[in-house]
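All remarks here apply to the structure that follows.
The values are calculated or read from the model by the stated rules, or taken from the named source; none is laboratory data. For clarity, every value in this text was computed on a predicted model and none was experimentally measured. Here Cβ is always computed from backbone atoms with ideal geometry, including for glycine, and neighbour counts include all displayed protein chains. Surface accessibility is based on the protein's heavy atoms, side chains included, excluding ligands, DNA and RNA. Shrake-Rupley method; radii C 1.70, N 1.55, O 1.52, S 1.80 Å.
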Amino acid sequence: METKVIYFTVSGRPERAEFPLDCPAQDVKDLFRCAAEAGPHDILKLYNPRGNITNISPGLEPNSAESCYQLEVVASDCNSETLGLELAGALGFDLSSMEKRLQNLEKKILADAGETPAVVYDMKKQVDCFREKLESVEHLSWLGLFKDLSVGTRKPSPFYHKRALRKTGEECEHVREKFVHMSCLEVSEEVRQYLKTPTFDNWQWEDAEIMVLLQVMYTDLDFVSSFNIEPEVLQQFLFEVYRRYNNIPFHNFKHCFCVTQMMYGLIWLTDLPRKMAAIDLLVMLTSAICHDLDHTGYNNAYQINARTELALRYNDISPLENHHCAVAFQILEQMQNNIFRNVSSDQYKRIREGIIKCILATDMTRHNEILNKFKSILPAFDFSSREHTDVLMMILIKVSDISNEARPMEVAEPWLDCLLQEFYNQSDMEKLEGLPVTPFMDRDKITKPSSQTGFIRFVLLPLFMELATLFPCLEHIIDPVRKALDYYTEMEKAVAQSESAGDMRLKPSRTEPQ
């Protein structure tokens, strides 16, 4: 049987481990645990000869006695002061102690009830999963430590409007402190890769964590070094953006993040860093972050019909989008927030023009105009043409802006609940103020499925399909959109049948007196 030999040191003493190439991962970990004389609840870390953390697994690279791995027990006895200090600071609780309490609880339940309930098995599974993360990741306090990065069937609670429109100073300062503290933490490679996928679940992440993830995007796309963006200026910019998104059901900071994260994912999925100028990618990402700044939850039709200050200021022409753009550049006018302060004047001019084009493209009244323009250039699309890439940038931010249905259903559906709440709020206000009621927002006429079927069939799917014509690699992310259409079509039929049955029950039978 072919084997693998690994040389390592533990507490200064040399050790040697030999195991079959097809050895199970748990057996390899147990082998190292025995060598370290560690208990079943202890947490191990293995460092390669270069000093980098390495996962303890059958995939370990073979080495020689001269280039040893280093094995450490980073959390040993659950009663020791070392564990208390190490884990209390990084994790906030004692894992081994929690595990022992769980075992005692299991014994007590077994004695009282005669069998172990499923919930206890669930808890044990979570503890095992948590220990696995601690032994596999590079830092005890990396950002995604408590997150489930797999695609599951969670049913998160959507954001509902229970607070004042504007964020309070106290609320912002609390989030700012958390963000500054977290911004120095290392984000694992697992989270970085997950961030590039359209399956990303935004509901697990708090606002401060979201700002850290946005910071990661600028770093991983090499914007920080390419455009000489100082880290503290980037942090201040992201905080100001967070501060200027309002507490409304849908067009809030989490929506800003979802749009940006989809844009970020599309950039990587379509290999745009090799096809487009870095400055255009910077424009697209920044536009996505700023595209709904200071949205108050009432659309352009309301602004125009109510003759709001925004509608008057922008002469009824895309009042919201013009406002979002203006707020973005108000933020950037402040030197401490200006992530573009070190670029040349020509670069800044190109960035400003690009951001304005992208944000104004999110006005849905321009949808057909932009889509038709894209379709006309598709047969001969040329990445070296500025005109062509400008249209592509507008298409990409449009796709990102309305891309929720391209995500897993358990992520997308709560967003629809949030959107409908914002729609219903507006139609209620329109009725109250005697304004024309926006048809697709009227709670008396629109249902959850009816709001989606037409939108997906006539707006979302055609847009995605045209983009996939240019980038065939995106075909797989259209599947969730088609499934969503099927899901809401079936739901709409069920609602119609239910209403029809209700009408029949209300009608008198032929034998009854009229």
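Quick notes on this one:
- Taken about its Cα centre, the chain carries a charge dipole of about 1180 debye when Lys and Arg each add +1 at the Cβ and Asp and Glu each add -1 at the Cβ.
- Based on C-alpha pairs under 8 angstrom that are at least 6 apart in sequence, segment 175-300 has a relative contact order of 29 percent.
- Sorting 108-114, 354-360, 316-322 by their mean Cβ neighbour count within 10 Å, with the most densely packed peptide first, gives 354-360, 316-322, 108-114.
- For the peptides 209-219, 362-372, the ranking by packing is 209-219, 362-372, with the highest mean count of neighbouring Cβ atoms within 10 Å listed first.
- The distance between label points at Asn315 and Cys129 comes to 5.6 nm (points 7 Å beyond Cα on the Cα→Cβ vector).
- Subset of Lys357/Lys448; Lys124/Lys254; Lys4/Lys29; Lys375/Lys398 violating a 21 Å alpha-carbon distance limit: Lys357/Lys448; Lys124/Lys254
- Unit charges at the beta carbon, dipole of the chain: most positive-side option, Leu281, Phe250, Phe340: Phe250
- The slack between Ser67 and Glu410, meaning 0.36 nm per residue of separation minus the straight C-alpha distance, is 118.7 nm.
- For segment 176-240 and segment 1-62, distance of Cα centres in Å: 33
- Options (1) 25.2, 97; (2) 23.5, 78; (3) 27.5, 101 - which one matches Rg and Dmax of the Cα atoms in Å as calculated here: (3)
- Surface composition of segment 325-481: carbon plus sulfur atoms hold 55% of the accessible area, using a 1.4 angstrom probe and ignoring ligands, DNA and RNA.
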